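Written out below as structure tokens is the structure these notes cover.
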Amino acid sequence: MTRNWQHQGWNAGKLSGIKPVVILPPIILDWFAARGWQPRRHQLEMLDAARDGRHALLVAATGAGKTLAGFLPSLNDLIAHPSDGLHTLYISPLKALATDVRRNLLIPIEEMGLPIRVEARTGDTPSDRKARQRVKPPQILLTTPESLSLLLSHEDSAYMFAALKRVIVDEVHAFANGKRGDLLSLSLARLQMLAPELQRVALSATVADPGDYRAWLAPNGDIDQVRLVEGAAAAEPDLTILLPEGRVPWAGHSGQHAIPQLIEEIGRNTITLIFCNTRFLAEFIFQKLWDANEPKYAIGIHHGSLSVEARRKVEGAMAEGKLRALVCTSSLDLGVDWGNVDCVIQMGAPKGSSRLLQRIGRSNHRMDEPSKAILVPGNRFEYLEAQAAYDAVAEGVRDGESFRPGSYDVLAQHVMGIACAGPFDEAELLAEVQSALPYSALDAATFARVIAFIATGGYALKAYDRFKKLVKDPDNRWRLAHPQFAAQHRLNAGIIVDAPMLEIRFRNGRKLGKVEENFAATLSPGNCFTFAGMALEVESIKDLDLIVRAATKPATNIPSYMGARLPLTTHLAGRVRQMLTDRPGWARFPDEVREWLEMQAYRSQMPKAGQLLVETFPHDKRHYMVAYPFEGWNAHQSLGMLITRRMESRGLMPMGFVASDYALGVWSLKPITDPQPLFSADILADEFVDWVESSYLLKRAFREVAVISGLVERQHPGKRKTGRQVTFSTDLIYDVLRKYEPDHLLLQAAWADARARLTDVGRLGDLLDRAADTMLHVDLQRVSPLAVPLLVMIGRESVAQGSVDDALLMEAETLAGVAMTP
Amino acid sequence: MAQDFEFGGETFEVAGEAAIYWRAQDALLVSDLHLEKASAFALYGQMLPPYDSVSTLQDIAALCSTYSPARIISLGDNFHDDDGEHRLAEPAAALLVDLARETEWIWITGNHDRAVAGIWGGKAFDELILSGITLRHEALSGDPNPEISGHFHPKFRQVLRGRMVSRRCFVKTPRKMIMPAFGALTGGLDVQDMAILKACDLVSGEVAEALVATQTGYARFALNRAGTCAK
């Protein structure tokens, strides 16, 4: 415990060389002094901001003592003015983090002997304690955005929050610009209305533009109301790119060629964290490490689909120092800090500089010493990306974050919660909602549609007026038509909507974790797969359970998960494009990479700054076109769908395409002589809508907005609806709604999601705009060096184009027919 | 024709994704319409789009303009709940009145609508025997007579070449035919589910198959006794 404490960065205050300002009460100063510590500059500045009655954003590196900086003003105030009601609300995106901070906050409170009660409230908190918390709240309550939203849906919330002084939002960089951020910004607006003197505080890792987060935090987006406090810069990390024997493979994302070096590295360090970009790769690398683990190091695995029990067990082993290495995913980007990690390894491409810095920060939490980190690129393009990330880290440049308007589905959930708390006036609530930055542009007409959606579904056909959920009071205020709707809302509220999953468990009931239904559908009894580092054999599949036993034969199958792709950030993509045009800069690359690029310049061409290179060449009796936009997999995938559609209508007979983060390849029976019209911007108008509407993308987006907005229930009192049932009904609802009311609010919300997240249409648009004037078309006799990494992916990751269900059915049927012939 | 198949000594045609046309009887067969399912949910606060009935009936009307059947037989679970037929409103109501006037509309009653009052026209039967084939809502175990029923909402789900293909399907055995659900908001049960296999009532040596409609006909898949699809 003490060790944890020190590594939170409390002790390093000695190094700041700043004398404590005597605004702190003796009890706190004595406590610092007893440890030979001093408050840090940014901790004191947070106290200043609080004393001046200002909101504040603290931006500091991991290990800078951010958490304490957030809480010090609360402790200070509670010592000076002891009070009984709820004083400070701490909000974390992670349930586990709230528990951890509770531990770390309780120690100083205990050691100072302060009469301050600190409690956590999450989805896991027992209901009797939840009920007690509402009647007799602690002075400091630790919670999540979802649990806060639920608290605000209770009739007594006005009473509970009336005396609230401070709200602290932790890890704000991790979720402010998503739907959970939308929900929290609405809750903050509500809290400010209930407690007008409330001070808002947010804690963030270093970000590209703190102004974005100040505006997000501020009431009415008024950036001047939020003071920016910056922590001292952390020591520069000791970053290297690992190239075993100078080799960089042509293809692959795993970095498995470096396994022997990884084993050596584990031996050199106390504890090594090995980050993989997907759960699939984490299982794969864990397996490879295990096969090569001659020294028998204790190695663990951690990812978001493991059962809570399995994760807690691994986390416990880490805390006790029992592991030498842990293979993990973004599941450990945030959360519990283990002070004794002294090396971080990133397998495959880093995808962005901010994420990489966050991961590097997992190692060595003493700010004065450099964190040690190693990048292991999986292929040659990934090497370029790793080099770009290396440069970005050296220059301290972060990826920019894009903020988007708040989602309607989240707003509907929030307004329903408000209605559960009591009657509201439409205009007053609109003003309150508009004070949350994501909803500042919301107009009265749209807000009225959101309310109509909650009340009756908001349909043009007024079929449900007699089933209204919200009705108007005589004094023109909206109120809940029946209290049962409040109970329903509280059971269904929440922002995270999982893909349909099956639970993996042994026959004795022990749960291992979850796989997606689509993967489970490929399994039959007797099949083997690897999960949680174990080879498992399927015994049976019952409803939503996949019953397994330890496999007796080796397993080759590893589950993959949807939505697991991190797109290459615009920032890193720009750097990679720049590196390709900077020929003198190639001198620092390993021979293999430099020769590859030089051969490309010789055999084809290298694009100049701002040019989009498109190559066409025949290969293996087909005609290929490869473009190199570097706009990330999502945008390239979308472009591949659109271009093959257009090629189809122009008689070019496309046969398939393959996309990576860097390039897009299309092949066809007829040659493409002029690629320009295929990349014209009108493809977004002509083919895009058609394609997205008929694709699974919009259905997937609709499923999420239907659940979040409360159109369909996540669970019924007493019985949880399975993910499968939800999928069925929302797909069917989507089809009916699209046919009869294509302008419905929820279809608009689904479209907004599909544009922003699933297709990356913004980057696609940029790409096409660029293509109009800057396309460099090179027609070749054979495949170019730059195209090789993409072409070797064909067969493994290529996508059949068009609506192929019928063809697949007929093909499968033929097989069955042969098998069935008497 | 590519859509034709034989059952119980008669010839049928797969009509669209979830209906069959019985040429000799000039009858269109549909099952599990679950009309007014959306409003049944709206009663309890889930405001599903109020267009499911009109969507379902328009789909039937479209099939009628292709086949011009003399009669339409709906094999039960016609309305989602007992009160459904009283909630049916415009524009769906007018559509149903038209259909029931232009054809001989036959309601077989199902477990969701024990007491169809027939207030929208048509005739109601518990079950019906036509040309030696029994039409009822739920398959009756041990009945040796050829039988066409609904109730289970069979759906074909399989990963083909890495892609999940999911579509409503018919189940056919030598003596039993189970129709998919026709209703716009009716979900499905995996055709491999034990409940469906049990309803097939197979004796040794018999095989059940799934018929999946495609644009040009239908695909057949054998369902073996262990409940897995032969690939």
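Just so it is clear, none of the values below were taken in a lab; they were calculated from the coordinates. Computed from a prediction, not measured in an experiment: that's the story for all the values here. Please note: Cβ atoms are built from the backbone with ideal geometry, for glycine as well, and neighbour counts cover all protein chains shown.
Points worth noting:
- Averaged over the residues of B:39-45, the number of partner chain Cβ atoms lying within 10 Å of the residue Cβ comes to 6.
- In chain B, the DSSP-assigned H stretches of four residues or longer account for a calculated mean residue ellipticity at 222 nm of -5500 deg cm²/dmol, using -39500 (n - 2.57) per stretch and the full residue count as denominator.
- Computed helical MRE - 222 nm, chain A, DSSP H runs ≥ 4 contributing -39500 (n - 2.57), nearest 500: -12500 deg cm²/dmol
- Computed from phi, the 3J(HN,Hα) profile of segment A:232-237 under the Karplus parametrisation 6.51, -1.76, 1.60 (θ = phi - 60°) reads 5, 5, 6, 4, 4, x Hz, with x in place of Gly and Pro.
- Backbone amide hydrogens, once placed in the peptide plane, bring A:Leu57 within less than 5 Å of A:Ala202, A:Arg227, A:Leu228, A:Val229, excluding anything fewer than 5 places away on its chain.
- For segment A:238-395, the Cα gyration tensor yields ellipsoid semi-axes of 22, 18, 15 Å (square root of five times each eigenvalue, largest first, whole Å).
- Contour excess over end-to-end distance, with Cα ends at A:Thr240 and A:Gln484 and 0.36 nm allotted per residue: 81.9 nm
- Sorting B:Ser68, A:Ser74 from the fewest to the most surrounding beta carbons within 10 angstrom yields B:Ser68, A:Ser74.
- Entries in A:Lys179/A:Lys511; A:Lys296/A:Lys514; A:Lys179/A:Lys553 that, when Cα-Cα distance is taken, lie over 32 Å: A:Lys179/A:Lys553
- Size-normalised alpha-carbon gyration radius of segment B:4-223, reference 2.2 N^0.38 Å: 0.98
- Summed residue charge, Cβ within 14 Å of A:Ala481's Cβ, Lys/Arg positive, Asp/Glu negative: +4
- Local electrostatic count at A:Pro584 - Lys and Arg +1, Asp and Glu -1, tallied over other residues with Cβ under 13 Å: +1
- Note: relative contact order over chain A, using C-alpha pairs below 8 Å and six or more positions apart, is 11 percent.
- Relative contact order (percent, whole number), segment A:162-225, Cα cutoff 8 Å, 6+ residue spacing: 42
- Distance from the alpha carbon centroid of segment A:503-574 to that of segment A:130-205 works out to 37 angstrom.
- Straight-line cross-link reach from B:Lys155 at under 18 Å between alpha-carbon atoms covers these lysines, not counting any fewer than eight positions away in the same chain: A:Lys542, B:Lys172, B:Lys176, B:Lys198, B:Lys231.
- FRET E, pair A:Leu776, A:Trp250, Förster distance 35 Å, beta-carbon r, rounded to 0.05: 0.90
- Three-way shape label, segment A:501-550, alpha-carbon gyration tensor, a/c 1.5: rounded
- Note on the protein assembly as shown: Rg/Rh from C-alpha atoms, Kirkwood Rh, equals 0.98.
- Reciprocal mean inverse distance between Cα atoms of segment A:2-230 - Kirkwood radius, Å: 17.7
- Taking other residues whose beta carbon is less than 15 angstrom from the beta carbon of A:Lys136, and scoring Lys, Arg as +1 and Asp, Glu as -1, yields +2.
- Segment A:600-693: C-alpha gyration tensor shape, a/c 1.5 cut-off, then a/b vs b/c: oblate
- Since only A:Ala218, A:Gln139, A:Thr240 are under comparison, the one whose Cα sits farthest along the positive direction of the charge dipole of segment A:111-270, derived from C-beta charges on Lys, Arg, Asp and Glu, is A:Gln139.
- Eligible lysines near A:Lys469 by straight Cα distance, threshold 23 Å, same-chain separation 8 or greater: A:Lys719, A:Lys721, B:Lys37
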